[in-house]
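As structure tokens, the structure follows; a few thoughts come after it.
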Amino acid sequence: MSSGEPNLSRRPDGAALVIAVILAAIAAVIIWQTGQMRIPPVQARVGPTVFPYIIAAGLLVLAAATVVSALRGSFPARDNDNYVPIFWIVGGLVAQLLLLSVAGFAVATGVLFAFTAKGFGRGPLWKTIPVGIVFAFIVWFAFAKGLQLSLPSGPLERLIP
């Protein structure tokens, strides 16, 4: 059997069931938080709660469809998972969070970019970190100076008046 065809002889897909639970949990949080919003009577009919409820309903539909597909064995068979790329990406997120207040947006996000690129098998860190910092600095400049939004500043960002 090729790797793209469903494997009907295997048991339910545990990973897909976990994804379905996560989707349903996100939908539940959205419903709960939207229900906590105080809405003026003028906006009670169609107001700021409509869109979150639509998103939550869509997530619940996706969760149900994922459960059905997992129980039917409709997902293609997969090889054993390779967790190294996931560790690189999660490590990049952790590094960004740790560096954000100290090094600023450009450096922290540049490190995240480089770690994510490494997770996807692209380039050595000594090449991807500077590229990521340049891209992140351009994003910081556009948001902080062009749109007047506040992003964390570090030594690099403080060079720009």
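The values are calculated or read from the model by the stated rules, or taken from the named source; none is laboratory data. Everything quoted here is computed from the prediction, not taken from an experiment. Positions of Cβ are backbone-derived with ideal geometry, glycine not excepted, and every protein chain shown enters the neighbour counts. Accessible surface is based on the protein model in full, side chains and every heavy atom, while ligands, DNA and RNA are left aside. Shrake-Rupley method; radii C 1.70, N 1.55, O 1.52, S 1.80 Å.
Quick look at the numbers
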quantity: Most fluctuating residue given options V67, V111, V50, as computed from a GNM of the chain linking Cα atoms under 10 Å; calculated: V50
quantity: Segment 96-135: relative contact order in percent, alpha carbon pairs under 8 Å with at least 6 residues between; calculated: 43 percent
quantity: Loop-located chymotrypsin sites (Phe, Trp or Tyr not before Pro) in segment 45-133, at most 11 other Cβ atoms within 10 Å (DSSP); calculated: Y83, F120
quantity: For the chain: accessible area per residue (Å², 1.4 Å); calculated: 69 Å²
quantity: Relative contact order (%) - criterion: Cα under 8 Å, at least six apart; region: the chain; calculated: 22 percent
quantity: Cα shape, the chain, gyration tensor, a/c 1.5 rule; calculated: oblate
quantity: Carbon plus sulfur fraction of accessible area for segment 39-126, probe 1.4 Å, in percent; calculated: 72 percent
quantity: Check: the chain dipole with +1 on Lys, Arg Cβ and -1 on Asp, Glu Cβ, in debye; calculated: 180 debye
quantity: With DNA, RNA and ligands ignored, accessible area of K127 (1.4 Å probe; Å², nearest 10); calculated: 110 Å²
quantity: Loop-located trypsin sites (Lys or Arg not before Pro) in segment 34-113 whose Cβ has at most 11 other Cβ within 10 Å (DSSP); calculated: R38, R45, R78
